[in-house]
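Notes follow the structure.
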Amino acid sequence: RFHSICRQYLRRAAGILLVYDSTAQGSFTAVRSWVSSLQEGIEDGAVVFLLGNKMDAAQRELRSVPKEEGERLAEEYQAVFYECSALTGYNILEPMLHMARTVSS
C-alpha cells in the first residue's frame, strides 16, 4: 500500500533509511523490492542507509539475518550499513548523525 505514494515522497529525498528486522528473513528479503522502488524514484546523490534493527533480540540468538548479509546487500546498493536496536537505543544515534552530516554537506 505504500508503494503507490512512495515516488512522490522520494522524488526530492536527500537521505533514505531502509530498516529491516534482523530476526525476520522476510523483512530482509523485502529490502530488495524497496530498493527497486527507490532506484526508480530518487534523484542522483540521495544517500541510502540500510539499518538492521532488533539487535537486542539478535543477541538472544534469534538472529535470522547475519551481519555479513546486511553488509553485502548494503555494498551491492552503495548504501551505508548499521545495525541497531530501536528498543534499547543501541547504535541509534550514530546512523542519524551520519545521515545528517552527509545530507547537510
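Just one of the numbered conditions (1) more than 14 Å from TYR20 (Cβ to Cβ); (2) in contact with a strand residue (DSSP E or B) (Cβ under 8 Å, 6 or more places away or on another chain); (3) open to solvent by 40 Å² or more (accessible area, probe 1.4 Å) is not true of MET99; which one?
The failed condition is (3).
Among the residues of region 5-25, is any open to solvent by less than 70 Å² (accessible area, probe 1.4 Å), part of a helix (DSSP H, G or I), in contact with a helix residue (DSSP H, G or I) (Cβ under 8 Å, 6 or more places away or on another chain) and not polar (S, T, N, Q)?
Yes.
Determine if region 38-52 includes at least one residue that is modelled with pLDDT of 90 or more, surrounded by fewer than 18 Cβ atoms within 10 Å (Cβ to Cβ) and either of a type outside the set (Val, Ile, Thr) or in a loop (DSSP other than H, G, I, E, B) (or both).
Within region 38-52, not a single residue is modelled with pLDDT of 90 or more, surrounded by fewer than 18 Cβ atoms within 10 Å (Cβ to Cβ) and either of a type outside the set (Val, Ile, Thr) or in a loop (DSSP other than H, G, I, E, B) (or both).
Working only within region 58-79, note down all residues that are of a type in the set (A, V, I, L, M) and open to solvent by less than 40 Å² (accessible area, probe 1.4 Å).
Kept after step one, since they are of a type in the set (A, V, I, L, M), are these residues of region 58-79: 58, 62, 65, 73-74, 79.
If the condition is that a residue be of a type in the set (A, V, I, L, M) and open to solvent by less than 40 Å² (accessible area, probe 1.4 Å), then ALA58, VAL65, LEU73, ALA74, ALA79 are the ones that fit.
Restricting the search to region 66-99, which residues are hydrophobic (A, V, I, L, M, F, W, C), in a helix (DSSP H, G or I) and touching a residue at least 24 places away in the same chain (Cβ under 8 Å)? Full working, then the answer.
In the first step, residues of region 66-99 are kept if they are hydrophobic (A, V, I, L, M, F, W, C); the result is 73-74, 79-81, 84, 86-87, 92-93, 96-97, 99.
Among the residues that remain, those that are also in a helix (DSSP H, G or I) are: 73-74, 93, 96-97, 99.
Result: LEU73, ALA74, MET99.
Between a residue in region 22-51 that is aliphatic (A, V, I, L, M) and any residue that is loosely packed, with under 11 Cβ neighbours inside 10 Å, which pairs come within a Cβ distance under 8 Å, given they are 6 or more apart or on different chains?
VAL48/GLN78
Matching residues to (1) among the β-branched types (Val, Ile, Thr); (2) more than 26 Å from GLN8 (Cα to Cα):
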| position | (1), (2) |
| --- | --- |
| GLU40 | no, no |
| MET55 | no, yes |
| ARG60 | no, yes |
| GLU71 | no, yes |
| ALA79 | no, no |
| TYR90 | no, yes |
| LEU93 | no, yes |
| MET99 | no, no |
| VAL103 | yes, no |
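The values are calculated or read from the model by the stated rules, or taken from the named source; none is laboratory data. In this text, all values refer to a predicted model and were calculated from it rather than measured experimentally. Reconstructed Cβ throughout: ideal geometry from the backbone, glycine too, with neighbour counts over all protein chains shown. Ligands, DNA and RNA are excluded from the accessible area calculation, which covers all protein heavy atoms including side chains. Shrake-Rupley method; radii C 1.70, N 1.55, O 1.52, S 1.80 Å.
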